[in-house]
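Taken together, the values in this text are just the output of simple stated rules run on the coordinates, not laboratory data. Just so it is clear, the model here is predicted, and its values are computed rather than measured. Positions of Cβ are generated from backbone atoms using ideal geometry, with glycine treated the same way; all protein chains shown enter the neighbour counts.
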Amino acid sequence: MIGLDGDEDMLRRAREKSEAQSISVEYKHGFAQALPYADDTFDVITSSLFFLHLTAIDKSAAFTEVCRVLHPGGTFILADWGQGQNIWMRSLFLLIRLLDGFETTRDNAFGHLPKIMRENGFLKVVELEKMATPLGTIAILQATI
Ligand SMILES: C[S@@+](CC[C@H](N)C(=O)[O-])C[C@H]1O[C@@H](n2cnc3c(N)ncnc32)[C@H](O)[C@@H]1O
């Protein structure tokens, strides 16, 4: 199992958590728009609460990279902010948008991630679940190439 992040401090915290749970993970510093792995490396890739940080161009680049490093037939599971089920959930998400930036969170707020994933290499994208949280709706997406 490999974990990647663009921030050394986050990697250090993740290392501490997995060591405390005796889980063996290899951590690597890198950026999602240029993953430091060869083509066809992984069976499964997951990502949580990350794509809201990327501009539209970087979202596309990162999805293209995930497709490149997945084995054909591999699976990508994504948990990220999605379009709120109702006006109340959409209003709650405004706080996240205020803090994290309106540009990078726009595609999340309007539920565009599945469309962007299809445009950048995924053959099939399925929304497995939508979870209401105190700050908005988290969508769980499963995609295959
Ligand atoms: C909200 S945190 C989520 C962390 C973790 N995935 C979780 O769910 O607890 C977002 C993470 O994305 C990382 N990050 C932001 N931009 C990145 C990029 N372009 N490539 C890789 N990591 C990035 C940040 O360093 C941060 O650790």
Looking at residue 136, is it surrounded by 15 or more Cβ atoms within 10 Å (Cβ to Cβ) and out of contact with any Ser or Thr (no Cβ under 8 Å at 6 or more places or on another chain)? yes
Qualifying positions in the stretch 3-24 - in contact with a Lys or Arg (Cβ under 9 Å, 6 or more places away or on another chain) and more than 13 Å from the ligand (Cβ to nearest atom): 23
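Results for (1) β-branched (Val, Ile, Thr); (2) within 16 Å of the ligand (Cβ to nearest atom); (3) more than 17 Å from residue 120 (Cβ to Cβ), shown as yes or no for each residue.
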site: 41; (1), (2), (3): yes, no, yes
site: 50; (1), (2), (3): no, yes, no
site: 62; (1), (2), (3): no, yes, no
site: 65; (1), (2), (3): no, yes, no
site: 73; (1), (2), (3): no, no, yes
site: 84; (1), (2), (3): no, no, yes
site: 89; (1), (2), (3): no, no, yes
site: 95; (1), (2), (3): no, yes, yes
site: 98; (1), (2), (3): no, yes, yes
Enumeration of residues in the stretch 8-45 that are loosely packed, with under 11 Cβ neighbours inside 10 Å, closer than 27 Å to residue 131 by Cβ and in contact (Cβ under 8 Å) with a residue 12 or more places away in the chain: 23, 43
Could you list all residues from the stretch 1-23 that are part of a loop (DSSP other than H, G, I, E, B) and more than 24 Å from residue 69 (Cα to Cα)? 21, 22
Per-region count, the stretch 93-133, residues surrounded by 15 or more Cβ atoms within 10 Å (Cβ to Cβ), closer than 16 Å to residue 62 by Cβ and without any contact (Cβ under 8 Å) to a residue 12 or more places away in the chain: 1
